[in-house]
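One structure below.
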Amino acid sequence: MMNVLCVSDYFLPGFKGGGPITTLANMRKQIASEVALSIFTRDRDIGASEPYPHIETNCWMETPDGAVFYATPDAFGPSGLRMALEKRPAHLLYLNSFFSPRSSILPQLLRSWIAPDLPILIAPRGEFSSGALSVKAAKKRIFIWFARMFGLYRVVHWHASTDLESRDILRQFPGSELRIHIAPDPVVADSLREFPSGIGKQANKLNAIFISRISPIKNLDRLLELLSDVHAIVDLDIFGPIEDKYYWQKCETIVSSRPCKMFETRMISGVLHV
């Protein structure tokens with residue numbers, strides 16, 4: 001069986017990291033018969049000051065679906081990753097981000113110290129899309145230029161979830177087409193749920209739900225601006241953790257500028273409902 005160590009900023013039981021957490025959990029289930037996918041991750045969710053309850057930190061912990069190494073804040077990085085690999089060797093290092101400093105950039109830059117002979121597979125998770133690159137654009141462009149100039153990623157392999165993402169990767173790293181592998185994000189049967197049939201439609205009223213992290217890349221502000229031009233009653237529910245509080249303040253400003261007060265906000269168990 002092939003042993004793969006995946007480095008991810010967040011994993012179960014966390015949920016505020018969004019889709020990548022579910023993708024990794026589903027991936028482990030689907031490939032379990034052929035690949036042992038171990039996870040090196042933080043010991044807490046986004047914005048949390050305390051670790052998850054009932055976990056062991058800075059060591060490999062066996063779970064029903066595989067091993068997880070929950071690293072404390074000071075251990076989540078190259079030193080902790082090296083320690084994790086010493087205790088549980090792997091055939092492949094799978095980085096679940098491109099721009100994350102601790103879970104991708106530093107492990108890649110220090111690969112000769114962490115595990116010099118270990119091949120690396122990187123999943124950008126949409127970070128090369130035009131929308132994602134427009135956030136903190138200058139820093140990202142400079143790093144990509146630096147990486148290309150010095151050939152930092154000339155031997156890594158890439159995991160794209162779609163043909164579109166494959167083209168996005170190739171645009172940033174020309175000549176890497178033979179090292180791009182396309183595999184759709186997995187969905188497992190037990191993750192599907194039946195939902196009640198739609199409610200009756202009321203004339204001149206739109207009922208909508210926005211489910212996502214509150215972050216510039218998710219474009220909530222643009223949605224609110226578009227809804228401001230709708231000449232009808234709009235009932236919008238927003239569910240998601242506030243990842244960027246300054247961005248959320250911008251969204252609140254858009255809401256408050258509407259001609260009538262249509263939204264009320266409250267926090268329920270870390271989930272925002274507007």
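Give just the number: which of (1) more than 22 Å from Leu170 (Cα to Cα); (2) open to solvent by 10 Å² or more (accessible area, probe 1.4 Å); (3) out of contact with any Asp or Glu (no Cβ under 9 Å at 6 or more places or on another chain); (4) not hydroxyl-bearing (Ser, Thr, Tyr) does Arg141 not satisfy?
Condition not satisfied by Arg141: (1).
Among the residues that make up segment 33-46, is at least one of them surrounded by 15 or more Cβ atoms within 10 Å (Cβ to Cβ), outside any strand (DSSP E or B), over 14 Å from the mean Cα position of the chain (by Cα) and at pLDDT 90 or above?
yes
Run Asn96 past the list (1) under 26 Å from Val135 (Cβ atoms); (2) surrounded by fewer than 20 Cβ atoms within 10 Å (Cβ to Cβ) and report the number of the one that doesn't hold.
Result: Asn96 passes all but (2).
Among the residues of segment 107-163, which ones are assigned to a loop (DSSP other than H, G, I, E, B), small (Gly, Ala, Ser) and closer than 28 Å to Asp221 by Cα?
Ala123, Gly126, Ser129, Ser134, Ser161 - these are the residues of segment 107-163 that are assigned to a loop (DSSP other than H, G, I, E, B), small (Gly, Ala, Ser) and closer than 28 Å to Asp221 by Cα.
Condition (residue is of a type in the set (A, V, I, L, M), at pLDDT 85 or above, more than 22 Å from the chain's Cα centre (by Cα) and open to solvent by less than 80 Å² (accessible area, probe 1.4 Å)) applied to segment 228-244: is it met by at least one residue?
No: segment 228-244 contains no residue that is of a type in the set (A, V, I, L, M), at pLDDT 85 or above, more than 22 Å from the chain's Cα centre (by Cα) and open to solvent by less than 80 Å² (accessible area, probe 1.4 Å).
If a residue must be among the polar types (S, T, N, Q) and free of Cβ contacts under 8 Å to residues at least 12 places away in the same chain, how many such residues does segment 99-129 contain?
Here the count works out to 1.
For segment 99-128, give me each residue that is loosely packed, with under 15 Cβ neighbours inside 10 Å and of a type in the set (S, T, N, Q).
Within segment 99-128, just Ser112 meets the criteria.
Here are the criteria: (1) modelled with pLDDT of 90 or more; (2) more than 23 Å from Phe128 (Cβ to Cβ). Tell me which single one Phe15 does not satisfy.
(1)
Looking at segment 59-70, is at least one residue part of a helix (DSSP H, G or I) and open to solvent by 40 Å² or more (accessible area, probe 1.4 Å)?
no
Six or more apart or on different chains, Cβ under 7 Å: which pairs go from a residue in segment 233-255 that's basic (Lys, Arg) to one that's open to solvent by less than 30 Å² (accessible area, probe 1.4 Å)? Could you list them?
Cβ pairs passing all conditions: Lys250/Asp221.
State whether one or more residues within segment 152-163 are over 23 Å from Pro107 (Cα atoms), under 19 Å from the mean Cα position of the chain (by Cα) and modelled with pLDDT under 85.
no
Inspect all residues belonging to segment 201-208 and state whether any of them is among the polar types (S, T, N, Q), modelled with pLDDT under 85 and not in a loop (DSSP other than H, G, I, E, B).
Scanning segment 201-208, I find at least one residue that is among the polar types (S, T, N, Q), modelled with pLDDT under 85 and not in a loop (DSSP other than H, G, I, E, B), so the answer is yes.
For Met267, which of the numbered conditions (1) open to solvent by 80 Å² or more (accessible area, probe 1.4 Å); (2) assigned to a strand (DSSP E or B); (3) modelled with pLDDT of 80 or more; (4) more than 22 Å from Ala25 (Cα to Cα) fails to hold?
The one condition Met267 does not meet is (3).
Taking the condition over 18 Å from the mean Cα position of the chain (by Cα) and part of a loop (DSSP other than H, G, I, E, B), does Ile55 pass?
yes
The values are calculated or read from the model by the stated rules, or taken from the named source; none is laboratory data. Every value quoted in this text rests on a predicted model; they were computed, and no experiment measured them. Cβ atoms come from the backbone with ideal geometry, glycine included; neighbour counts cover every protein chain shown. Note: accessible area is taken over every heavy atom of the protein model, side chains too, but ligands, DNA and RNA are not part of it. Shrake-Rupley method; radii C 1.70, N 1.55, O 1.52, S 1.80 Å.
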